[in-house]
Amino acid sequence: MSEAPRNPAKLSTARRSPAQQALARLGLLRDIDLALHLPLRYEDETRITAIRSAREGEVAQIEGVVVHSEVQLHPRRQLVVVLDDGSGRCELRFFSFYPSQQKTMAVGERLRARGELRGGFWGRQMVHPAFRKAQGPLPAALTPVYPASAQLPQAYLRRAVATALARVPLPDTVPEALLPPLPQFQVKNEGKRLWGLREALLFLHHPTPDVALATLQDHSHPAWQRLKAEELLAQQLSQATARAQRARQHAPVLALPRAGEGLHAALLARLPFALTAAQQRVGAEIAADLAQAQPMHRLLQGDVGAGKTVVAALAACQAMDAGWQCVLMAPTEILARQHFAKLVQWLAPLLEARGQAVAWLAGGQRKKERAAMLAQIAGGQAALVVGTHAVIQEQVQLARLGLVVIDEQHRFGVAQRLALRQKPGAAAGAEPHLLMMTATPIPRTLAMSYYADLDVSTIDELPPGRTPVVTRLIADSRRDEVIARLREQVAGGRQAYWVCPLIEESEALDLRNATATHTELAGELPGVRVGLLHSRMPAPEKQAVMQAFQAGELALLVCTTVIEVGVDVPNASLMVVEHAERFGLSQLHQLRGRVGRGAAASACVLLYGTGEGGRLGPGARERLRAMVQSQDGFEIARRDLQIRGPGEFLGARQSGDAMLRFADLATDGALLQWARETAPRMLAEYPELARAHIARWLGGKSEYLKA
Ligand code: ADP
Ligand code: MG
């Protein structure tokens, strides 16, 4: 089969040429991979322009006889060749050349040269044009220019692609009946006939010169549409398959206790607030999943401060009520500790009555404490385990794991999430239910494509009583005014954060910067207790600082981005972000979400430095503007997607292998919709073709999409 690796034995032995190795590095191993390696652009070598009518500044192909050839030494060594085509003359100049090339361009030879035509005092000329002996007919199709690399010359790649294209059979895997009946798929002037895959690929590699180049450039050409539809379908099929596999797995049935009974009801009764309608809705969605015998895979998204923790706590109650354990994992120790404190406050008294407790696990823990925790966990007294990624370590033996909650899920790698799901503890052969949470809302199109195998619950409402945060952009030069504002806030009994930027690739500089800012601000604000928090501090010290800030003993907290996720201090009403231009949009939104959590009017000041040029870069300006214009996490996420593309959102799914190469979610919504509707039908009606389609498009890469 030509879609399998070509002669794999040969490929795996090291005796490959540099060009072959370069092909392998680009993932171009199978014929199908080469066939799907599409040109970046094209060169038109199908026409000859008469020298006389070639226009200055245009790229043209000319053909003529060499009437003069000499190597000039002044002002620098160069080969000058004059071509005459009867209509006029054109000079070709080469500053580097081989003797063999000189021979090809000897007087009397007939040449084709292609390059940008320049006018000039000495008449028409081309500098370093592409050239070859004028032999044979002109090509009938445009010449492809492929994404190549230094070790992979264009000519070699062209040959490799052409060979692969000629050899690969490429039967259509998408049944005609399932193809979208959209006009943008139809072959021009051929009624309702749609482009086939093979036909589309052959065309895109070697389009006829009459094609409107713009439609190839912006991928709107029907051949492109066909390809993008296929790619999106492969993604949907792979995820639908993952979903179907999951549906065949077993998970403990965590039924809700009868109304008014159990931890679930007791927690609701203890809460100092009523759940918002959105919290109730997502709570019900989760509760229904947990009561199924198949593992839940649900993403809970909600803007910063939307109240996801309590929803997770209620899900944990449901698991514990049914006699199972729950693990909650958070990406940083600060965040995990905060969850732990909150869950202990809410649940410890309730659990105590049942002889159970909440356990804590983190990297920096004392041996003795840790051993005690591990024993409780293994023995089942610890009904709820909270911690950092320490919870996925081997020594952690859960007696009866029923539910896993991962906060800020995009901060974890695929491997870490898989490890947690595969933790033994759940009944033999069963998997725990999985609830992933994120405060970075995933734009709809991304959710529909990359997260198609997950169920998504969205909290789209903030708890009542929050005051909107006023966002200001202020130049670094006006720092004094900001400090004055800070003084006022603190004098009024409020608290504030001052975030120092991450200095790329230098944790040490980062630290010095935060330390210096801390000293400076402490000097500027006599009588104010100023704390410092950065990622290099030992865990107990971090914890002490955080506790002091939480208790109101520190009025100002100078920190690096360690506080980015999850910190909850309702009395804090001012957030200052230094060098805000260096932060990403979602990150800024997260930081801003640390204030405006209480009743007091809150503000977020984005200080920006303009650097040497005295101006902000365009990306930075756009980001900062978006922050001022919108408070809505979804809107911010949508803009972030526009500015940065999907990679940043996918976090652990970020693996380039799993990314779409051809389809663009911003413009291909209709195709995505079609792929979503078609995938389940294809799996049901044409399972063999579906398998072939996934193999063709994703090869071994589909695993990345499943974690
Ligand atoms: P996030 O969704 O960002 O994780 P949290 O769960 O930390 O948000 O909740 C933010 C704050 O709002 C917490 O102090 C929490 O106790 C509080 N909170 C959550 N739900 C409600 C509610 N329905 N009414 C009032 N306050 C709430
Ligand atoms: Mg949170």
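The values are calculated or read from the model by the stated rules, or taken from the named source; none is laboratory data. Because the structure is a prediction, the values reported are computed rather than measured. With ideal geometry, Cβ positions are generated from the backbone for all residues, glycine too; neighbour counts draw on all protein chains shown. Side chains are part of the model used for accessible areas, which takes the heavy atoms of the whole protein and leaves out ligands, DNA and RNA. Shrake-Rupley method; radii C 1.70, N 1.55, O 1.52, S 1.80 Å.
Structure above, values below:
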item: Count of residues meeting criterion [of a type in the set (D, E, K, R) and in a loop (DSSP other than H, G, I, E, B)] in the stretch 61-88; result: 3
item: Which listed residue is buried (at least 19 other Cβ atoms within 10 Å of the Cβ), at pLDDT 90 or above and at negative phi, from F583, F549; result: F549
item: Residue pairs meeting the criteria (Cβ under 6 Å; at least 6 apart or on separate chains; first touching a residue at least 12 places away in the same chain (Cβ under 8 Å), in the stretch 542-558; second surrounded by 23 or more Cβ atoms within 10 Å (Cβ to Cβ) and assigned to a helix (DSSP H, G or I)); result: M546/I334; L557/F549
item: Failed item in (1) closer than 25 Å to A620 by Cα; (2) within 16 Å of ligand 1 (Cβ to nearest atom); (3) of a type in the set (A, V, I, L, M), with A572 passing the rest; result: (1)
item: Selection within the stretch 261-297 - within 15 Å of ligand 1 (Cβ to nearest atom) and not aliphatic (A, V, I, L, M); result: R270, P272, F273, T276, Q279, Q280, R281, G283
item: Q318 vs. criteria part of a helix (DSSP H, G or I), more than 13 Å from ligand 1 (Cβ to nearest atom), over 19 Å from V567 (Cβ atoms) and of a type in the set (S, T, N, Q); result: yes
item: Residue list for the stretch 599-644, filter: over 17 Å from the mean Cα position of the chain (by Cα), at pLDDT below 80 and either surrounded by 20 or more Cβ atoms within 10 Å (Cβ to Cβ) or aliphatic (A, V, I, L, M) (or both); result: A599, L616
item: Residue match in the stretch 310-318 (condition: within 16 Å of ligand 2 (Cβ to nearest atom) and farther than 28 Å from H250 by Cα); result: no
item: A269 open to solvent by less than 40 Å² (accessible area, probe 1.4 Å) and without any contact (Cβ under 8 Å) to a residue 40 or more places away in the chain; result: no
item: Qualifying residue in the stretch 270-278 (condition: away from ligand 2 (no atom under 16 Å from the Cβ), closer than 18 Å to L434 by Cβ and part of a helix (DSSP H, G or I)); result: no
item: Every residue from the stretch 569-580 that is within 15 Å of ligand 2 (Cβ to nearest atom) and open to solvent by 10 Å² or more (accessible area, probe 1.4 Å); result: P570
item: Residues that are in a loop (DSSP other than H, G, I, E, B), more than 17 Å from P171 (Cβ to Cβ) and touching a helix residue (DSSP H, G or I) at 6+ places or on another chain (Cβ under 6 Å), drawn from the stretch 194-238; result: H221
item: Of residues in the stretch 361-380 being free of Cβ contacts under 8 Å to residues at least 40 places away in the same chain and in contact with a strand residue (DSSP E or B) (Cβ under 6 Å, 6 or more places away or on another chain), the one least open to solvent (accessible area, probe 1.4 Å); result: L361
item: Residue match in the stretch 270-288 (condition: at pLDDT below 95, under 27 Å from the mean Cα position of the chain (by Cα) and not polar (S, T, N, Q)); result: no
item: Only one of G379, G355, G363 that is at positive phi and either within 16 Å of ligand 1 (Cβ to nearest atom) or not aliphatic (A, V, I, L, M) (or both); result: G355
item: Checklist (1) open to solvent by 40 Å² or more (accessible area, probe 1.4 Å); (2) at pLDDT below 90 applied to G566, failing item; result: (1)
